[in-house]
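These notes are about the structure you will find just below.
The values are calculated or read from the model by the stated rules, or taken from the named source; none is laboratory data. Keep in mind that what you see is a predicted model, and the values were worked out from it rather than measured. Backbone-built Cβ (ideal geometry, glycine too); neighbour counts: all protein chains shown. What goes into the accessible areas is simple: the full protein's heavy atoms, side chains included, and nothing from ligands, DNA or RNA. Shrake-Rupley method; radii C 1.70, N 1.55, O 1.52, S 1.80 Å.
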Amino acid sequence: MPSTHDDAPDLAREPDDEYTEADFAVLASFLFARTDPLLLARPLGEEVDRALQALNDTVRVLFGQARAFRQWENEVALAGTWHALTAIARQWERHPDFDPDWAADD
């Protein structure tokens, strides 16, 4: 019987690689540099405003989870959070500030 983990995405990092606070800070800066100007430019339209706020809230929650997972030394959950955030960042993979390593985590 196949494992339920067979469909899990492979991570570009090795299991013993650490997802550091600095790694998350760089990723956060990149994401918020994309969303904050749009949030400040409101109103963009009721539905666009809601979607943008939801994206921004999701990124903030994921970063909060990353801090908790690091404190709890839950590397598997931390890696999953990293993967979720890099998936969001890949929407801007053609941006000059995009780190190609984020795409490698796919």
If I filter the range 91-98 for residues that are within 20 Å of residue 55 (Cα to Cα) and surrounded by 14 or more Cβ atoms within 10 Å (Cβ to Cβ), do I get at least one hit?
yes
Residue within the range 80-87 that is assigned to a helix (DSSP H, G or I) and open to solvent by 50 Å² or more (accessible area, probe 1.4 Å) present
no
Residues satisfying the stated conditions in the range 62-75, i.e. open to solvent by 60 Å² or more (accessible area, probe 1.4 Å) and in a helix (DSSP H, G or I)
65, 67, 71, 75
Looking only at the range 37-67, which residues are closer than 16 Å to residue 23 by Cβ and of a type in the set (A, V, I, L, M)?
59, 62, 66
Filter result for the condition that a residue is modelled with pLDDT of 95 or more, closer than 18 Å to residue 30 by Cα and out of contact with any Asp or Glu (no Cβ under 8 Å at 6 or more places or on another chain), over 52, 62:
62
Go through 37, 43 for me and flag whichever is modelled with pLDDT under 90 and over 20 Å from residue 83 (Cα atoms).
43
Scope the range 51-61; condition under 11 Å from the mean Cα position of the chain (by Cα) and open to solvent by 30 Å² or more (accessible area, probe 1.4 Å); matching residues
55, 58, 60, 61
